[in-house]
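Shown next, in structure tokens, is the structure this report addresses.
Taken together, the values in this text are just the output of simple stated rules run on the coordinates, not laboratory data. This structure is a prediction, so every number in the text was calculated from the model and none was measured. Neighbour counts run over all protein chains shown; Cβ positions are idealised from the backbone, glycine included.
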Amino acid sequence: MNAVEITILSIVLMIALGYFLKRIDFLSIKDVDSLNNIVINILLPCMIFSALYSADLSLMSSLGILPFVILASSFITGIISYFILKRFNLSDKVLWSVLVTIMIANTAFMGYPVNIGVYGSEGFLRAIFCDIATSVIFLILSFVLVLKFGGSPKKAVRKIAFFPPLWAIILGLLLNILNIPIGPVLDNTVNYLGNGTIPLIMLSLGISIDLSGIKRSKNMIIFTSIMKLILFPAIAFFIVSFLGLVDLQFKVSIIEAAMPSGMLSLILAITYKLDYELTSDCILINTVISLITLPVILMLL
């Protein structure tokens with residue numbers, strides 16, 4: 001088996017383990033929030049910090065184009081989706097519940113393990129830069145939804161300002177550039193915690209799977225899956241080709257664009273009182289579908 005097959009099968013097995021543990025009542029859907037809080041606030045920041053702190057930043061100027069690729073792909077896909085959805089005469093809340101799932105990709109939870117498995121630390125470094133775009137998209141959508149449905153702009157800014165993975169990026173880059181040592185004990189601790197990120201993410205995804213959502217939200221699941229898993233990466237392909245990106249820059253950009261909808265979409269849906277059940281159904285089902293589409297894209301690359 002090649003690296004692509006091994007990576008995807010490993011991810012599938014970990015997700016399946018989470019689903020199995022839920023089925024035998026060893027874990028339940030109530031545990032998802034706790035697992036995600038541990039990942040977002042502790043493990044994922046450690047993983048990001050460790051990668052950036054030890055990274056060779058001589059490629060910084062060329063890596064800076066990667067967030068633009070994801071941003072441009074997201075907004076082009078979002079604009080196309082918006083005008084299609086408007087033709088369905090949906091309520092604004094339903095329309096935006098679907099739109100956020102299309103525009104926000106799971107560039108971290110799914111993107112990191114896939115790129116690490118296939119391309120190692122070099123792929124992971126580029127995936128981090130792609131994920132910066134996701135944070136920017138989250139912030140922009142937060143302000144749009146504040147204006148659309150009411151809410152506090154201060155609260156939206158606070159969510160981003162105190163988002164631990166963002167601080168992991170800032171501190172990792174800053175300490176690397178300034179060459180400030182953190183000592184072997186702290187370095188080892190951060191590495192150990194970071195290594196727990198991927199298994200916990202996969203278990204959480206497995207526990208979250210609820211196939212009953214297919215029937216409940218069938219039409220919108222089909223629509224979001226087409227736009228997110230096919231159109232989004234297709235647009236990214238044309239952008240990276242136009243920009244002349246090659247090798248890992250080219251491959252990681254497309255892989256990150258091909259990720260399923262991100263859990264940040266659900267945070268927006270809940271925060272701004274959208275149809276979060278619909279958003280959740282779309283996220284979970286197109287995550288399952290991505291286990292088929294991602295291997296195809298990886299093999300084509």
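Apply 1/(1 + (r/R0)^6) to the Cβ-Cβ distance of LYS30 and SER212, taking R0 = 25 Å, and write down the FRET efficiency to the nearest 0.05.
It comes out at approximately 0.90.
In the chain, helical runs assigned H by DSSP with n ≥ 4 each contribute -39500 (n - 2.57); averaged across all residues and rounded to the nearest 500, the mean residue ellipticity at 222 nm is -24500 deg cm²/dmol. Which trypsin sites (Lys or Arg not before Pro) from region 3-63 combine a DSSP loop assignment with at most 12 other Cβ atoms within 10 Å? Answer in residue order: LYS30. Straight Cα distances below 18 angstrom link LYS93 to the aspartates and glutamates ASP275, GLU277, ASP281, with same-chain residues fewer than 8 positions distant left out.
Taking amide H positions as modeled 1.01 Å from N, with prolines and chain starts lacking one, no residue 5 or more places away or on another chain lies under 5 Å from PHE163.
Against the longest principal axis of the chain, how steep is helix 247-257, in degrees 0 to 90 to the nearest 10, with axes from Cα atoms? It works out to around 40 degrees. Couplings for region 111-127, taken from phi via the Karplus curve 6.51 cos²θ - 1.76 cosθ + 1.60 with θ = phi - 60°, read x, 4, x, 5, 5, 5, x, 8, 10, x, 5, 5, x, 4, 4, 5, 5 Hz in order; Gly and Pro are left as x. Each Cα pair under 8 Å and six or more residues apart adds its sequence gap; the mean of these over the residue count of the chain is a relative contact order of 36 percent. Near the amide H of ALA105, within less than 5 Å, lie the amide hydrogens of GLY262, all on another chain or at least 5 residues away, with H placed in the peptide plane. Rg and Dmax over the alpha-carbon atoms of region 3-295 stand at 18.4, 59 Å. Take every Cα pair under 8 Å whose residues are at least 6 apart in sequence, average their separation, divide by the length of region 225-276, and the relative contact order is 40 percent. Estimated at 0.36 nm per residue, the fully extended path between ASN179 and PHE238 surpasses their Cα-Cα distance by 17.5 nm. In this simple spin-label approximation, ILE80 and ASP92 carry label points 7 Å from Cα along the Cα→Cβ vector, and these lie 2.7 nm apart. With the Cα gyration tensor of region 1-156 giving a ≥ b ≥ c as the square roots of its eigenvalues, does the rule (a/c under 1.5 for rounded; else a/b larger than b/c for prolate; else oblate) give rounded, prolate or oblate? Judged from the Cα gyration tensor, region 1-156 comes out oblate (a/c at least 1.5, b/c at or above a/b). Mean sequence separation of contacting Cα pairs (under 8 Å, at least six apart), scaled by the length of region 93-154, corresponds to a relative contact order of 30 percent. Karplus-based coupling profile of region 23-29, in residue order and whole Hz: 5, 9, 6, 6, 10, 9, 4, with θ = phi - 60° in 6.51 cos²θ - 1.76 cosθ + 1.60 and x standing for Gly or Pro.
Whole Å is fine, so just give me how far the alpha carbon centre of region 218-245 lies from that of region 57-118. Using only Cα atoms to place each centre, the spacing works out to 9 Å. Peptides 246-252, 181-187, 96-102 ranked from most to least packed by the mean count of surrounding Cβ atoms within 10 Å: 96-102, 246-252, 181-187.
FRET efficiency for ILE230 and SER62, Cβ-Cβ distance as r, R0 = 35 Å, nearest 0.05?
0.80
Look at the Cα gyration tensor of region 197-281: its axes a ≥ b ≥ c give a/c of at least 1.5 with a/b over b/c, and that counts as prolate.
Relative to the dominant Cα principal axis of the chain, helix 44-53 is inclined by about 40°.
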